[in-house]
Number of protein chains: 2
Amino acid sequence: MRVKLARDILKANDQLANGLRRRLTSHGVLGVNLIGSPGSGKTTLLERTIERLEGLRVAVIEGDIATALDAERIERTGAPAVQINTEGACHLDANMVIDAASELDLAVLDFLFIENVGNLVCPAAWDLGEDVKVVVSSVAEGDEKPRKYPAVFQKAAACVLSKVDLLPHVDFDIERFRADAALLNPDLTVLPVSAREGTGVAEWVAWLKDRLTAKRQRR
Amino acid sequence: MRVKLARDILKANDQLANGLRRRLTSHGVLGVNLIGSPGSGKTTLLERTIERLEGLRVAVIEGDIATALDAERIERTGAPAVQINTEGACHLDANMVIDAASELDLAVLDFLFIENVGNLVCPAAWDLGEDVKVVVSSVAEGDEKPRKYPAVFQKAAACVLSKVDLLPHVDFDIERFRADAALLNPDLTVLPVSAREGTGVAEWVAWLKDRLTAKRQRR
């Protein structure tokens, strides 16, 4: 009975997510669901990404348990941002994202970024209607994250390995990280980035633009 | 109906947790539930803690979604460790901990550490039968963690602010962190620690010993 109930909720979520994905596709918008631990650097990555996507039209949906701190940071870049406060819930769901998206004009966008609640576990199970999931993992978290939190690495199209400016100050074997991630998901693109120093941001932005082009060509 | 079900599960969990807490108390054992993001430094902190608690008897229950990496690290210190693999579940519950504790002889222990699944959100809601919750938050995660993840800071007796050796390399305002944490929980003891360099470990271990003494005096 309990399992059935949980399945029903997930099924309802997936139907809502598919509806949003169709809407994004009809407008030629790429939806990106950013998932990572608290403090993995998702918001700072978005700030640098928006600056580099100059000329393209970006909006952000921010998910947090509490506060509007992240949406305020995004708005300072000039991009529209909608903050969701989950009030305790540990992940976003499609219904929350659809509600937030109603505040945005999808027809004028190129990218819709959804920054999930800081959590490497629960968000992996919830389809938000995105085109791609991207996992953000910082070198300060250690190189064993793919082995210990496999689901999100299996489901993501790319992994932004963030805060690589800290590599000289932490114990982190980047080849071990890459090898473990590749075992879980041979198609995962690992992108080392320092949003603070700018390293790797161009490659990450190029990856995003390629995904947008590919999506529009498939239409 | 759904809410009722969730409440029933939490109620059953709390009854199990209270039973374990009574058993720990009857043996004079202090139970410590360590909660923090993936890569916040919980396992490294435990390694250094066990070394410093020389002469006292320590056991560890390790919670992870997958792998026995953390229990293997603990066993190398000489302390008994039991690994729980939650296979997807984002937090430990009392039933899992009771099952793992059956592998340990509680009568010969001073401290039972429970390292929760790496997650700053969900574990805060689950009583595992511990005497104290301790939140571990690394300076690499940023200074706004108390504001964004309030529940765990409200419920913890202490916060280990970890990886303070990285302070020169990250943007982190320790006074802001302390002030935000104090607003949420005036009784929270904030302990800056670098497990890597040893800074603050003595103060953290002294805090633990004080809690053990206080518990035994109350008996």
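Laboratory data are not the source of any read-out in this text; all were calculated from the coordinates shown. It should be emphasised that the depicted structure is a prediction, and the values quoted were computed from it without experimental measurement. All Cβ positions, glycine included, derive from the backbone under ideal geometry; neighbour counts span all protein chains shown.
Here the relative contact order of chain B, from alpha carbon pairs under 8 Å that lie six or more residues apart, stands at 24 percent. Around the Cα centre of the protein assembly as shown, unit charges on the Cβ atoms of Lys, Arg, Asp and Glu (plus for the first two, minus for the last two) sum to a dipole of about 1040 debye. Averaging the Cα positions of each part gives two centres, and for segment B:101-138 and segment A:78-141 these lie 31 Å apart. Pairwise Cα distances in segment B:157-219 exceed 18 Å in 46 percent of cases.
Student exercise: in segment A:2-218, how many lysine pairs 8 or more apart or on different chains have Cα atoms under 16 Å apart?
Total qualifying Lys-Lys pairs in segment A:2-218 comes to 7.
Only Lys, Arg, Asp and Glu carry charge here, each on its Cβ (+1 for the first two, -1 for the last two); on that basis segment B:1-124 has a dipole of about 580 debye about its Cα centre.
Given the rule -39500 (n - 2.57) for each run of at least 4 DSSP H residues, summed and divided by the residues of chain A, what is its mean residue ellipticity at 222 nm, to the nearest 500 deg cm²/dmol? Each step should come with its number before you reach the end.
Numbers: 8 runs with 90 residues, N = 219.
So the calculated ellipticity at 222 nm is -12500 deg cm²/dmol.
With the simple spin-label model, which puts each label point 7 Å out from Cα in the Cβ direction, the A:Glu75 to B:Thr199 separation comes to 3.6 nm. The equivalent ellipsoid that matches the C-alpha gyration tensor of segment A:87-131 spans semi-axes of 21, 12, 9 angstrom, in descending order.
Expressed in whole Å with the largest first, what are the equivalent ellipsoid semi-axes of the protein assembly as shown derived from the C-alpha gyration tensor as the square root of 5 times each eigenvalue?
On the way: eigenvalues 288, 114, 76 Å².
So the three semi-axes of the protein assembly as shown are 38, 24, 20 Å.
Based on Cα coordinates alone, diagonalise the gyration tensor for segment A:7-82, multiply each eigenvalue by 5, take square roots, and list the semi-axes in whole Å, largest first.
Ellipsoid half-lengths, sorted descending, are 24, 18, 10 Å.
For segment A:1-108, the list of GluC sites (Glu not before Pro) that fall in a loop by DSSP and count at most 16 other C-beta atoms within 10 angstrom reads A:Glu54, A:Glu87, A:Glu103.
Extent of segment B:2-218 along its three principal axes (Cα atoms, max minus min coordinate, largest first): 48, 44, 38 Å. Dipole of the protein assembly as shown computed with +1 at Lys/Arg Cβ and -1 at Asp/Glu Cβ about the Cα centre; of A:Leu112, B:Leu46, A:Leu167, farthest Cα towards the positive end is A:Leu112.
The fewest-to-most ranking of A:His27, A:His169, B:His91 by surrounding Cβ atoms within 10 Å reads A:His27, A:His169, B:His91. A dipole drawn for the protein assembly as shown from +1 and -1 charges on Cβ atoms has a positive end, and of B:Leu188, A:Thr77, B:Val205 the residue lying farthest that way is B:Leu188.
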